[in-house]
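Read through the structure below, which is laid out as structure tokens, and then see the notes.
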Amino acid sequence: MTGPIAISLDVNGERVDAQVLPRLNLADFLREHLQLTGTHVGCEHGVCGACTVRVNGEIVRSCLTLAAQADGSSVQTIEGVADSGEIADLQAAFRDRNALQCGYCTPGMLMTAQDLLREEPEPSRDRIREHLSGNYCRCTGYQAIVDAIETTARLRRERAR
Ligand code: FES
Ligand code: FES
């Protein structure tokens, strides 16, 4: 099948109906059809993590996911989690700890970090590094990113007490 396929999905809380070519990947669909350009595309081979989004609550590489595969699913992008305030503290920590420079990797880093913090409120630095190991950053050397995530985890635990 090479003609367009009808898909219907929820993106950041809004229903989206579209016609997509079978080979269109989710990253390009988000960026080019929906203008959600916070999802970045680096390697397009599943290696760099810049394109990380959440599909039905799980983080995925949107460059390796076809838009047609997302039919019927709930997708959250960096715009969605930022606008809802879900990661406001994480964003502030990245800013305060100098965890972003060019910012190209940052949306994917934030999505991946939030995924870890939702699952593990008390991750060690090694665990943070392990969880981030699929996200490449050319600028920061990672130390500041780990600092920002560790700080966010601690502040969330303190607020939860
Ligand atoms: S662009 Fe998807 S992992 Fe690099
Ligand atoms: S801040 Fe530039 S690639 Fe990470």
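Quick notes
- Taken over the chain, the alpha-carbon convex hull comes to 105 cubic angstrom per residue.
- Put the Cα centre of the stretch 108-157 next to the Cα centre of the stretch 1-34 and the gap is 30 Å.
- Residues in the chain average 52 Å² of solvent-accessible surface per residue, probe 1.4 Å, ligands and nucleic acids excluded.
- Phi angles across the stretch 50-61 convert, under the Karplus curve 6.51 cos²θ - 1.76 cosθ + 1.60 with θ = phi - 60°, into 3J(HN,Hα) values of 5, 9, 5, 9, 9, 10, 6, x, 10, 6, 9, 7 Hz, Gly and Pro given as x.
- Potential extension, residue 159-residue 47 segment - 0.36 nm per residue separation minus Cα distance: 36.8 nm
- Counting only DSSP beta bridges whose two residues both lie in the chain, roughly 90 percent are antiparallel.
- Short-range pairs are left out: with C-alpha atoms under 8 Å and at least six residues apart, the relative contact order of the chain is 23 percent.
- Pairwise FRET efficiency - residue 6 versus residue 127, Cβ, R0 = 35 Å, nearest 0.05: 0.25
- Given charges at beta-carbon only (K, R positive; D, E negative), |dipole| of the stretch 25-126 in Debye: 240
- Computed over protein heavy atoms with a 1.4 angstrom probe, the accessible surface ordering of 45, 40, largest first, is 45, 40.
- Within the chain, helix-based [θ] at 222 nm, where runs of 4 or more DSSP H residues each add -39,500 (n - 2.57), nearest 500: -10000 deg cm²/dmol
- Close amide-amide hydrogen proximity is noted between residue 11 and 16, 75, each under 5 Å apart and 5 or more residues distant or on a separate chain (H modeled in the peptide plane; Pro and chain starts excluded).
- Scaled against the 2.2 N^0.38 Å expected of a compact globular protein of N residues, the Cα radius of gyration of the stretch 1-48 reads 1.22.
- Accessible-area composition of the stretch 3-70, carbon plus sulfur, in percent [1.4 Å probe]: 49
The values are calculated or read from the model by the stated rules, or taken from the named source; none is laboratory data. The structure presented is a predicted model; accordingly, all values stated were derived computationally and were not measured. Counting neighbours? That spans all protein chains shown, and the Cβs are built from the backbone with ideal geometry, glycine included. When the accessible area is computed, the model is the full protein with side chains, heavy atoms only, and any ligands, DNA or RNA have been set aside. Shrake-Rupley method; radii C 1.70, N 1.55, O 1.52, S 1.80 Å.
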